[in-house]
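Undergrad: This is the structure, below, for whatever I ask next.
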Amino acid sequence: MAGTLAAVAVLVQMIFPFTDGGTYVLTVASVLLLSTAALVHAVATRGVRAALVLLLVAGGGGLLVETVGVNTGVPFGGYHYTGTLGFELLDVPILVPMAWVMIAWPALIVSRLLVPGRGTLVRSLVAAWALTAWDVFLDPQMVDAGHWVWDEPRPALPGVEGIPLTNFAGWLLVSFVICGALDRLVAAPVELRRDAVPVAVYLWTYGSSVLAHALFFGRPPVALAGGVVMGLVAFPLAALVVRDVRSSHWIGKW
């Protein structure tokens with residue numbers, strides 16, 4: 001079921017480039033499909049408790065920090081939502097905490113695959129980078145679509161104009177805390193075949209984001225910057241998948 005939800009989300013996202021970055025319906029569908037896929041995968045592989053922890057820590061934590069953010073400017077910098085993302089709770093579109101769920105789960109799984117046997121600190125740092133790197137693509141797309149506005153978009157990450165550096169610093173901090181909590185509370189180990197859905201989602205997001213920004217969204221510099229930043233996670237992850245496939249580990253089981 002998780003794989004089916006993720007596959008439908010991929011089909012939805014394939015339409016984005018032909019709608020100048022996505023419509024409201026496509027954005028809602030994409031986030032809900034992928035966040036639900038993450039929750040279903042958590043239930044299927046680690047039990048109901050893991051899914052509830054994911055929803056509470058990533059969703060609830062995301063809502064809390066976004067509420068603080070829009071009202072104080074901490075920790076991301078000053079910004080506000082424009083009312084184009086639907087129903088809001090505490091000045092934050094309800095879709096936003098679901099996006100934290102959508103992103104946090106693959107980041108957690110990927111970190112455990114890339115640094116197995118390391119402690120929570122190392123895994124949390126890798127997961128925080130994996131999660132923040134995703135936003136290098138996501139934030140410009142959503143800003144260009146008019147879903148939120150930055151009060152002071154400079155200084156910006158080279159190639160990612162319109163998004164302040166404070167945003168990414170805030171993402172690293174918040175992601176580190178959220179992923180650290182998830183790592184401590186969801187203790188089950190990872191296994192590449194069992195966790196293929198979040199791995200595939202992460203790699204799809206990387207490849208499709210580079211392509212979309214380079215060719216369709218009019219943001220080639222974002223494609224380059226995001227390609228480098230997220231590629232630091234995506235390429236080692238892809239290499240891990242390729243090695244596993246070549247070892248016939250999956251083929252033998254199938």
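The values are calculated or read from the model by the stated rules, or taken from the named source; none is laboratory data. Remember, it's a predicted structure, so these values are computed and weren't measured experimentally. Backbone-built Cβ (ideal geometry, glycine too); neighbour counts: all protein chains shown. These accessible areas exclude ligands, DNA and RNA; they are computed on the full protein's heavy atoms, side chains included. Shrake-Rupley method; radii C 1.70, N 1.55, O 1.52, S 1.80 Å.
This table checks each residue for (1) surrounded by fewer than 16 Cβ atoms within 10 Å (Cβ to Cβ); (2) in contact with an Asp or Glu (Cβ under 9 Å, 6 or more places away or on another chain); (3) of a type in the set (A, V, I, L, M, F, W, C).
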| site | (1), (2), (3) |
| --- | --- |
| Ala200 | no, no, yes |
| His213 | no, no, no |
| Phe216 | yes, yes, yes |
| Met230 | no, no, yes |
| Val242 | yes, no, yes |
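Undergrad: Which one of Ser124, Ser111, Ser30 is more than 14 Å from Ala181 (Cβ to Cβ) and among the small types (Gly, Ala, Ser)?
TA: Ser30
Undergrad: Can you confirm whether Pro221 is open to solvent by 20 Å² or more (accessible area, probe 1.4 Å), out of contact with any Leu (no Cβ under 7 Å at 6 or more places or on another chain) and part of a helix (DSSP H, G or I)? Break it down stepwise before answering.
TA: Numbers: open to solvent by 20 Å² or more (accessible area, probe 1.4 Å): yes; out of contact with any Leu (no Cβ under 7 Å at 6 or more places or on another chain): yes; part of a helix (DSSP H, G or I): yes.
Yes, satisfied.
Undergrad: Would you pick out the residues in the range 109-118 that are open to solvent by less than 40 Å² (accessible area, probe 1.4 Å) and not polar (S, T, N, Q)? Before the answer, list the steps.
TA: Residues of the range 109-118 open to solvent by less than 40 Å² (accessible area, probe 1.4 Å): 109-113, 115.
Selection gives Ile109, Val110, Arg112, Leu113, Val115.
Undergrad: Next question. Restricting attention to the range 179-216, and to residues there that are in contact (Cβ under 8 Å) with a residue 12 or more places away in the chain and of a type in the set (Asp, Glu), which single residue is nearest to Gly227 (Cα to Cα)?
TA: Across the range 179-216, the extreme among qualifying residues is Asp195.
Undergrad: So Val177 ticks every box in (1) more than 23 Å from Thr72 (Cα to Cα); (2) modelled with pLDDT of 95 or more; (3) among the β-branched types (Val, Ile, Thr) but one. Which box is left unticked?
TA: All conditions pass for Val177, except number (1).
Undergrad: Give all pairs with beta carbons closer than 6 Å in which a residue from the range 1-24 that is farther than 14 Å from Ser209 by Cα meets a residue that is open to solvent by 40 Å² or more (accessible area, probe 1.4 Å) and β-branched (Val, Ile, Thr); count only pairs at least 6 apart in sequence or on separate chains.
TA: Here the result reads Leu5/Thr36, each pair linking the range 1-24 to a residue that is open to solvent by 40 Å² or more (accessible area, probe 1.4 Å) and β-branched (Val, Ile, Thr).
Undergrad: Then there's this: Restricting attention to the range 28-72, report how many residues are open to solvent by less than 20 Å² (accessible area, probe 1.4 Å) and of a type in the set (Gly, Ala, Ser).
TA: 11
Undergrad: Now, a different point. Considering only residues that are more than 12 Å from the chain's Cα centre (by Cα) and either part of a loop (DSSP other than H, G, I, E, B) or β-branched (Val, Ile, Thr) (or both), which ones fall in the range 180-210?
TA: Result: Val186, Ala187, Ala188, Pro189, Val190, Glu191, Leu192, Arg193, Arg194, Asp195, Val197, Val210.
Undergrad: Just one of the numbered conditions (1) among the aliphatic types (A, V, I, L, M); (2) open to solvent by 40 Å² or more (accessible area, probe 1.4 Å); (3) without any contact (Cβ under 8 Å) to a residue 40 or more places away in the chain is not true of Met98; which one?
TA: That leaves (3) as the condition not met.
Undergrad: In the list Ala130, Ala169, Ala104, which residue meets the criterion of being in a helix (DSSP H, G or I), in contact with a Gly (Cβ under 9 Å, 6 or more places away or on another chain), closer than 19 Å to Pro236 by Cα and not charged (D, E, K, R)?
TA: One residue alone meets the criteria, Ala104.
Undergrad: Now a separate question. Any chance you could count how many residues in the range 144-178 are under 19 Å from Gly227 (Cα atoms), free of Cβ contacts under 8 Å to residues at least 40 places away in the same chain and over 15 Å from the mean Cα position of the chain (by Cα)?
TA: 4
Undergrad: Give the number of residues within the range 67-83 that are in a strand (DSSP E or B) and farther than 18 Å from Leu157 by Cα.
TA: So the count comes out to 2.
Undergrad: If we keep just the residues of the range 129-149 that are touching an Asp or Glu at 6+ places or on another chain (Cβ under 9 Å) and surrounded by fewer than 22 Cβ atoms within 10 Å (Cβ to Cβ), which is nearest to Tyr79 (Cα to Cα)?
TA: Of the residues in the range 129-149, the ones touching an Asp or Glu at 6+ places or on another chain (Cβ under 9 Å) are 140, 144-145, 148.
Within this subset, residues satisfying the condition of being surrounded by fewer than 22 Cβ atoms within 10 Å (Cβ to Cβ) are 144-145, 148.
On the way: Asp144: 14, Ala145: 15, Trp148: 7 Å.
Of everything passing the filter in the range 129-149, Trp148 is nearest to Tyr79 (Cα to Cα).
Undergrad: Just give me the residues in the range 154-168 being open to solvent by 30 Å² or more (accessible area, probe 1.4 Å) and not basic (Lys, Arg), in sequence order.
TA: Narrowing the range 154-168 to residues open to solvent by 30 Å² or more (accessible area, probe 1.4 Å): 154-155, 157-158, 161, 165-166.
Hits for the range 154-168 are Pro155, Leu157, Pro158, Glu161, Leu165, Thr166.
Listed here are the residues, each with its yes/no results for (1) more than 30 Å from Ala239 (Cβ to Cβ); (2) modelled with pLDDT of 95 or more.
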{"residue": "Trp100", "(1), (2)": "no, yes"}
{"residue": "Arg112", "(1), (2)": "no, yes"}
{"residue": "Asp139", "(1), (2)": "no, yes"}
{"residue": "Val143", "(1), (2)": "yes, yes"}
{"residue": "Arg154", "(1), (2)": "yes, no"}
